[in-house]
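Here the structure is laid out as structure tokens; the discussion comes afterwards.
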Amino acid sequence: MNTKAWGPGTQCIAKCDHTKPKLNELRFEKGDILTIIEATQNKGQYRAKHNKTCEEGLISSNAVREREAIRADPALSLMPWFHGKISGPNAVQLLQPRENGLFLVRESIRHQGDYVLCVCYQNDVVHYRVIYQEKKLTIDEETWFCNLIDMVEYYMKNQGAICTQLVKPKPKEGTKSAEKELSKAGWLLDMAKLKIEEQVGEGEFGAVYKGDYMGQTVAIKNIKCDVTAQSFLAETAVMTKIQHKNLVRLLGVILQNELYIVTEFMGKGSLVNYLRTRGRTVIAEKQLIQFSYEVCEGMEYLESKKLVHRDLAARNILISDEIVAKVSDFGLAKADPKKEDNAKLPVKWTAPEALKQNKFSTKSDVWSYGILLWEIFSFGKPPYPRMSLKDVKDKVLTGYHMESPEECPASMYSLMKSCWELDPGKRPAFKKLKGKIEKELRSTKAD
Ligand code: AMP
């Protein structure tokens, strides 16, 4: 019996099938996700909504468990057995108590780019050099692997050319197994229930597919490279904490040699494409203000959670079949915005203080939001037309900003300019922007 009371909006996972519901009860199957609406008078009973069928009904708290947010600290790791650059003697020290098959992987200090697999065997530690050649890894030059995860999985199932099958990973201190944590918190999905259909997009890190998970249309991001997948886990951990109608919802992840991130499917694609392919003749001004409002609502929610997006731009806003704009791509979103390298910054969207001093904050998101508003009212034009990145960087730092898009309402342009104040403290908060856009929305006629 759950002793904890669940509030409205809590997400739960069904622990069992409930396929013959009595009157007023909700029908669900094991693994279905349900959202709590409210507690009833009866202890342990709730009114809930089925996320897939949208039906509402009564459930017993015994039949479900709460989905928990994933804590990113200590770091979730896809490779908890990977210890980075440590010496051989250090690895020997770590592999205690000596049990046959206890192992770790380290980076080779002597051979740059190679790795070493260290395995306990008969009270000793055997070190195998893992050669990295032509983007593949091997120990015996016979069996080759795409990445370390692949290699470890293989030797956990086969002895191959090494002294013993791998049995137990020695986790690096300060990390915990992503698979275990995701599964415990209810975010690990079942590959067997996922159907991958056609490709719908191409992101920086790989293809995006349309698919089906237990009857729900979903988007699937597949990340093949182990190191990239590791950094995407941070995105996933952030997404488990947030739930808002204007933020693309994470449904869960699958870990099977590769990482699959499964989110709600946004049938109309990215906002920038939506605007470019339809243009002024199709999209009414009120709709542009509506998009601005929806993005602002999503950002206000992130602001309230003290999360900084860092890559807010029309390409990262997706449009649902119901024409609702939602913020996506939390790849760079960080609860702690201090430590990041800035080689890949989207310069035309990034606030001056972030470009210059790496100072990211909700207020630097507000700057990007101003650029996003400009994109919306110019129907998806690239910002700062005909200006090089270097010019933009130099001029913006001295107070330069873009002119108003053609036929843009003066009030909306004035909001953009308020987002482009050089002093972050003078920029409005999303909450304030939302109030202003709401007024604008009310006073604009639909046509
Ligand atoms: P991303 O890797 O997030 O930059 O996505 C690349 C492209 O894939 C986007 O521009 C969209 O066209 C498509 N895409 C990404 N996520 C989704 C989604 N949840 N639903 C539909 N299409 C998506």
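The values are calculated or read from the model by the stated rules, or taken from the named source; none is laboratory data. A quick note: this is a predicted structure, and the numbers were derived from the prediction, not measured. In this analysis, Cβ positions are derived from the backbone assuming ideal geometry, glycine residues included, and neighbour counts consider all displayed protein chains. Side chains included, ligands, DNA and RNA excluded: accessible areas come from the protein's heavy atoms. Shrake-Rupley method; radii C 1.70, N 1.55, O 1.52, S 1.80 Å.
If a residue counts only when it is within 21 Å of residue 315 (Cα to Cα) and within 13 Å of the chain's Cα centre (by Cα), which strands (runs of 3 or more DSSP E) contained entirely in the stretch 190-244 have at least 3 such residues? I'd like the intermediate steps shown before the answer.
On the way: elements: 194-203, 206-213, 216-223.
By residue number, 216-223.
Name the residues in the stretch 242-257 that are under 23 Å from residue 297 (Cα atoms), more than 14 Å from the ligand (Cβ to nearest atom) and open to solvent by less than 20 Å² (accessible area, probe 1.4 Å), would you? Passing the criteria: only 242. Here residue 134 passes the criteria (1) open to solvent by 20 Å² or more (accessible area, probe 1.4 Å); (2) under 30 Å from residue 7 (Cβ atoms) except the one numbered (2). Residues in the stretch 219-241 that are of a type in the set (A, V, I, L, M) and within 11 Å of the ligand (Cβ to nearest atom) were compared, and the one that is surrounded by the most Cβ atoms within 10 Å (Cβ to Cβ) is 220.
Scanning the stretch 306-337 for residues that are more than 10 Å from the ligand (Cβ to nearest atom), modelled with pLDDT under 95 and in contact with a helix residue (DSSP H, G or I) (Cβ under 9 Å, 6 or more places away or on another chain) yields 306, 307, 308, 309, 310, 332, 333, 334, 335, 337.
For the list (1) crowded, with 20+ Cβ neighbours inside 10 Å; (2) over 19 Å from residue 228 (Cβ atoms), I need the number of the one condition that residue 86 fails. That leaves (1) as the condition not met. Just give me the residues in the stretch 410-444 being open to solvent by 70 Å² or more (accessible area, probe 1.4 Å), under 15 Å from residue 352 (Cβ atoms) and in a helix (DSSP H, G or I), in sequence order. Result: 417, 426. Assessment of the stretch 161-183 against the conditions (modelled with pLDDT under 95, within 16 Å of the ligand (Cβ to nearest atom) and either more than 23 Å from residue 79 (Cα to Cα) or in contact with a strand residue (DSSP E or B) (Cβ under 6 Å, 6 or more places away or on another chain) (or both)) yields no matching residue.
Identify all residues within the stretch 208-218 that are among the small types (Gly, Ala, Ser) and away from the ligand (no atom under 15 Å from the Cβ); write none if there are none. Give the steps one after another, and end with the answer.
To start, the set of residues in the stretch 208-218 that are among the small types (Gly, Ala, Ser) comprises 211, 215.
Hit for the stretch 208-218 is 215, nothing else.
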